[in-house]
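All remarks here apply to the structure that follows.
The values are calculated or read from the model by the stated rules, or taken from the named source; none is laboratory data. As the structure is a computational prediction, the values presented were derived from the model and not from experiment. Don't worry about glycine lacking a Cβ; one is built from the backbone with ideal geometry, like all the others, and counts go over all protein chains shown.
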Amino acid sequence: MPEVSKMKKPDVKVVLLGDMNVGKTSLLHRYTERKFKDTISTVGGAFFLKQWGPYNISIWDTAGREQFHGLGSMYCRGAAAVILTYDVTNWQSLAELEERFLSLTDTANHDCIYAVVGNKADLTDPNAQLYQDSNVAPEDQTECEEERPEPQVLSACPTPPASPASLSGSVLHKQVAPEDAVAFYGRILRYKGLDEKSSLPAEKMCFETSAKTGYNVDTLFEALFDLVLPSILRKRNENQESPTVDLEECRGASNKRARSSCC
Amino acid sequence: MSVKAFELVPAVERDLLMGDKARINIECIECCGKHLYMGTNDCFIHHFLLDEVTSSKGKLSYSVQKLLHKYLGLKKPVAELRAASALERLIVLCDGIVFLVDMVTLETVPSAAGGGAKIRGVTAFCINENPVNGDPFCVEMGVLSSKRRTVQIYMVYEDRVQLVKEVTTPEQPCAVSLDGYFLCLALATQYMILNYNTGASQDLFPYNSEERRPIVKRIGREEFLLAGPGGLGMFANAEGVSQRAPVNWSESVIGAAVCFPYVVALDESFITIHSMLDQQLKQTLSFRDGHILQDFEGKVILASTKAVYVLVPLPLERQIQDLLASHRVEEALILTEGAQRNIPKDKFQILHKRILQQAGFIQFGQLQFQEAKEHFRKGQLDVRELISLYPLLLPASSSFTRCHPPLHEFADLNHLAQGDQEKVLRCKKFLISYLGEVRSTEVANGCREDVDTALLKLYAEQDHDSLLDLLASDNACLLADSVPWLEKYQKYFALGLLYHYNGQDSAALQLWIRVVDGELQDSTRSDLYEYIVDFLYSCSNLDLVWKYADWALQKNPTIGVHIFTKRPASKDQSQLNPDDVITYLGKHSQALLLYLEHLVLERRTQKEKFHTHLAVLYLERVLSLMSKKPTDEEQLTRARERLQALLRESNLYRVQFLLGKMENCEELLLERATLHGKLEEHDKALHILVHKLRDFPSAEAFCTWASCSQDSAYRQQLFHLLLGVYLDGNQTATGGGAGDLEMAAVDLLNRHGEVFDAVRVLRMLPEGWSLQLLRPFLGRAIRASMHACRTSQIALGLSHSENLQLLHDRLKERKKPIFVSEKKGCHLCHNTFSEPDVVSLPGGVPVHTHCVAQRVRDSPTKRQLTNSSNHT
């Protein structure tokens, strides 16, 4: 069997977690492709490699559906940052983070950082609604005017859609206030047994974003990348200091020894 | 969306296996090189020889030869078969028992004396393809037993199996895979990784083994493929981390394998093929009653209950070409780059480049120029491939032929654009920008001429501004090819530049002259004539200068003469000899004048010949203007001013010669006066000025001018001479004229009083003149003499004080006071002193003043006096 080729080895892993329909895939799309486009419910998980300066950061977009919930801890294993995403118009989406998703992060690195992100801010916040992503080509703007696509293509959805279908421009009732997110962040630290004073402050780690308009999206990802940089550098150092000789090539060759076809 | 990545080729047909026995089913298969083993539900092992046959059309098929079949005697289906080729053994699982069978004879291997060759109560086993133990004559095997929650590790030898390790698991395991020390297990409710050496375990993710058959498939070093919830194909490595995104299978998947870069999976009715590179479903093959999917040394073999098939991958290149053919550029590139590891490096580079180039052309055809450019750049496209799409752009002499097989499907640009002129234009603009970017890079190495010539043609055709920049800078445009093209688009100026760049200045000039003369039309430069003149004055080829100067001078002498005047001074042969130029300019009087002015006035050439020549030309012009009727006073004045200025300022021309020329000319008196002045014949000059011209200011100005470089005595003399002329004239003249001269004399005195010697003047003046008349002069004279007197007094006083100061200083230097008293005697006469005035001799000896005077008078030298003037 041929050696499986590895892609560029990622230096660090960032994972997006959150209930279905909060917009994890859209956030990632907005950041990587600078567009807001139709997404379908993510199956299993998806993966994006971001070249950030000299570093490769892998961003894992996980599936929010209950069905794939079991995969979460595996995706979180070794993560340097976890983005816990909720929908500002849906109180339950925040509650789910605490009930279902927080425990998935047990497998993440010990020094993993956590961001709490309220997406769909455009639906409640006029600032976010009027925000113009300066990096967007004009034609994409028109696309944004279209109705928000509701990613509920699969009829086998175990939970009802997180937010009711809404026309662009109508301001929905905001169910989750920033203070709620901050309080949740405090509870994350407590869950992790971290001291609030020595951890990153809540105001730095709680964001409200809009994948639709791009509001705060770059800010979120770039702030996180800056914060995981020490983690990257440490990992690179460790690799350099490792006394192990990489015998990948030799072992690859010895693979077939037992099955040499000289019969 | 589909790619044809694999082809399903039948290997063992049903009748070969079981003939007409309907109830026989295939239970398991094993393939080892050409040997195919098959276990059936009636407890038989069949042995086939599988040969690949490639038909003349390149179609692959298999010829199968049945070697042997053997009944195992257990009446149960053969559950699993694994070959250990180094041991020449087949490991068989049948009826919960693992035992060994000879690969060739299919006979069961009897137990050796030391240990058993059978393991009982086995549900599943796996072979470690990447064992830590390096012994080539044993095989490591992981065994799941039906009763205990354990995994046992056995070493399999030729005639025995040996238990080496046993690890317990939290639940009953139902599937296993092994790599190094790592066991990847499917338990009842979850998958996990277990290190049998350290006992460390890592949970992967939960699933339900009752709902679905688990799949645990080693796909590479420390990496496994697992069937996850929702029909996902999940990747996990030994650390329990997923490094690839999952692929989305159907819920009922039976078997899976990796055939890089694809994940192949089998369900009840289809074979699905996903790419590991982008997780997309690439191909679906219908396959009924699928039962087994396994890969053996890279060969994927499938079996239904009755027949065996091989899933043959199509050559990667063909897959990529298929993708490109359907314009799926991104996928083709991902596939190419993903396959990097499977292809030798040099071969990969060639393939990758070619794919990039093809991708670039596809995008070019879709007018996605930005992307196309990027791919051309990365693929190091021979830029001529692109140029050759544009008809006629490559030079006729170019040796280029398009690459074969072709990189694209276009015959040329017209074919690509299908007559859409706007498209053609956009393509041309793209090529302009692309060539502009690459021409100075290594991309253009070896075909610089083709690139520059193509660029020139495009610029000319598109009327692009950069045409001139291209030609004015370093370029490799081919002359022969460019000439007709530039002529076609009437870019004659540009063509001239090209001639010039190729050292054919003469051709360039001829062409430009035709444009200036209106024979050819090219509006590139409205100031082409001036350009030609500039070109000629900087031209180092003197023959050309001589040849075309005539044309330029005829066109416009004033500008044309710049050919000679603006020529930068240099010391090489291209320097023109001024004498030659003057001779040459003989017929162009105006230009000649300008040239001489340039030599004399600007370059300040100190040569009598030029100065005289210029003066004569000035004079001739004045004379000719004077002779014209009616006279243009303004012009005449200007001409005379020039002449006068030259006559005044130059000292080099031949004065007598010029004087001779204007001897009879009564109108040029001022000039004649100047000439006399040059000859120092000041009386003659003044005579002319005063008596003939009666131009008293000029006379004064003459005196000032003639004496300007002389001392004041000379000046005084000159002014006295003028005064004399005035006064003499006053005596000889009569009437009003006399009064004029008198006034002139008075004015002269009053104005230039300081020059005159007042005493001499007073003696000269007639008695009868009133004081009032001369008041300014006299006043100034008196004041001046007073001033002189007082100034000298001040100077005297200052000298005195300076002298005293010096004496004081000197005394201070000596420090010692000299005492004089009535009791002391003079050393010379020995009398006492009666008054304070004494003279001190060297050594501070006081003596009487008169004694010293006496002594000095007597001494042969007066040296002592100078030293002894110290008074107290």
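Here are some notes:
- Across region B:274-302, the number of residues qualifying as more than 16 Å from B:ILE215 (Cβ to Cβ) and either hydrophobic (A, V, I, L, M, F, W, C) or not assigned by TED's automatic domain parsing to the domain that holds B:ALA11 (or both) comes to 6.
- Annotation note: of B:LEU646, B:LEU658, B:LEU670, the sole residue that is free of Cβ contacts under 8 Å to residues at least 40 places away in the same chain and not assigned by TED's automatic domain parsing to the domain that holds B:THR704 is B:LEU670.
- So B:ALA245, is it touching a Phe, Trp or Tyr at 6+ places or on another chain (Cβ under 9 Å), surrounded by 22 or more Cβ atoms within 10 Å (Cβ to Cβ) and over 30 Å from A:ASP106 (Cα atoms): no
- Answer residue from region B:248-260, given it is within 51 Å of the chain's Cα centre (by Cα) and either more than 7 Å from chain A (Cβ to nearest Cβ) or in a strand (DSSP E or B) (or both) and is surrounded by the fewest Cβ atoms within 10 Å (Cβ to Cβ) among those: B:ASN248
- Taking region B:472-507 as the range and being part of a helix (DSSP H, G or I), over 26 Å from B:CYS447 (Cβ atoms) and in contact (Cβ under 8 Å) with a residue 24 or more places away in the chain as the test, the residues that pass are B:TYR492, B:PHE493, B:ASP505, B:SER506.
- Residue in region B:211-231 that is at the interface with another protein chain (Cβ under 10 Å from one of its Cβ atoms), of a type outside the set (D, E, K, R) and farther than 21 Å from A:CYS76 by Cα present: yes
- Restricted to region B:690-711, and to residues there that are assigned to a loop (DSSP other than H, G, I, E, B) and either at positive phi or exposed (fewer than 14 other Cβ atoms within 10 Å of the Cβ) (or both), the residue that is farthest from the chain's Cα centre (by Cα) is B:ARG694.
- Condition check for B:HIS69: more than 60 Å from the chain's Cα centre (by Cα), buried (at least 19 other Cβ atoms within 10 Å of the Cβ) and modelled with pLDDT of 85 or more: no
- The set of residues in region A:77-111 that are over 19 Å from A:GLY23 (Cβ atoms) and within 14 Å of chain B (Cβ to nearest Cβ) comprises A:ARG77, A:GLY78, A:ALA79, A:ALA80, A:SER103, A:ASP106, A:THR107, A:ALA108, A:ASN109.
- Unmet criterion (only one of (1) under 31 Å from the mean Cα position of the chain (by Cα); (2) under 30 Å from B:GLU30 (Cα atoms)) for B:GLN340: (1)
- Odd one out for B:LEU185 among (1) buried (at least 17 other Cβ atoms within 10 Å of the Cβ); (2) at pLDDT below 90; (3) away from every other protein chain (no Cβ under 13 Å): (2)
- No other residue among B:LEU425, B:LEU456, B:LEU435 is over 20 Å from the mean Cα position of the chain (by Cα) and buried (at least 17 other Cβ atoms within 10 Å of the Cβ) apart from B:LEU456.
- A:SER199 vs. criteria within 18 Å of the chain's Cα centre (by Cα), modelled with pLDDT of 85 or more and not in a strand (DSSP E or B): no
- Filtered by the rule that a residue be touching a Gly at 6+ places or on another chain (Cβ under 9 Å) and not charged (D, E, K, R), region A:74-88 gives A:MET74, A:TYR75, A:GLY78, A:ILE83, A:LEU84, A:THR85, A:TYR86, A:VAL88.
- Flag if B:GLN716 is in contact (Cβ under 8 Å) with a residue 24 or more places away in the chain and over 60 Å from the mean Cα position of the chain (by Cα): yes
- Residues considered: B:ALA79, B:ALA22, B:ALA11. Of these, the only one that is loosely packed, with under 14 Cβ neighbours inside 10 Å and away from chain A (no Cβ under 14 Å) is B:ALA22.
- Residues (in contact with a His (Cβ under 9 Å, 6 or more places away or on another chain) and farther than 20 Å from B:GLU461 by Cβ) located in region B:403-435: B:GLU409
- Top-ranked residue in region B:232-242 [being facing chain A (nearest Cβ under 8 Å) and touching a residue at least 12 places away in the same chain (Cβ under 8 Å); ranked as surrounded by the most Cβ atoms within 10 Å (Cβ to Cβ)]: B:ALA236
- Restricting region B:279-304 to residues that are part of a strand (DSSP E or B) and exposed (fewer than 15 other Cβ atoms within 10 Å of the Cβ), the residue that is farthest from the other protein chains (Cβ to nearest Cβ): B:SER286
- Single residue of region B:602-645 satisfying the filter (in contact with a Phe, Trp or Tyr (Cβ under 6 Å, 6 or more places away or on another chain) and of a type in the set (A, V, I, L, M)) that is farthest from B:ALA701 (Cα to Cα): B:ALA615
- Just one of (1) part of a strand (DSSP E or B); (2) within 14 Å of another protein chain (Cβ to nearest Cβ); (3) of a type in the set (Val, Ile, Thr) fails for B:VAL53. It is (2).
- Some residue of region B:200-207 being more than 13 Å from chain A (Cβ to nearest Cβ) and crowded, with 19+ Cβ neighbours inside 10 Å: no
- A count restricted to region B:688-718 and to residues that are among the hydrophobic types (A, V, I, L, M, F, W, C) and farther than 21 Å from B:ASP757 by Cα stands at 4.
Yes/no matrix, rows are residues, columns are (1) hydroxyl-bearing (Ser, Thr, Tyr); (2) under 60 Å from the mean Cα position of the chain (by Cα); (3) more than 9 Å from chain A (Cβ to nearest Cβ):
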residue: B:LEU87; (1), (2), (3): no, no, no
residue: B:LEU90; (1), (2), (3): no, no, yes
residue: B:VAL104; (1), (2), (3): no, no, no
residue: B:VAL132; (1), (2), (3): no, yes, yes
residue: B:TYR157; (1), (2), (3): yes, no, yes
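- Unmet criterion (only one of (1) in a strand (DSSP E or B); (2) in contact with a helix residue (DSSP H, G or I) (Cβ under 8 Å, 6 or more places away or on another chain)) for B:HIS274: (2)
- When region B:51-66 is limited to residues that are without any contact (Cβ under 8 Å) to a residue 60 or more places away in the chain and closer than 22 Å to B:VAL104 by Cβ, the one that is surrounded by the most Cβ atoms within 10 Å (Cβ to Cβ) turns out to be B:VAL64.
- Only listed residue being within 15 Å of the chain's Cα centre (by Cα), modelled with pLDDT of 90 or more, away from chain B (no Cβ under 14 Å) and not in a helix (DSSP H, G or I), chosen from A:ALA211, A:ALA223: A:ALA211
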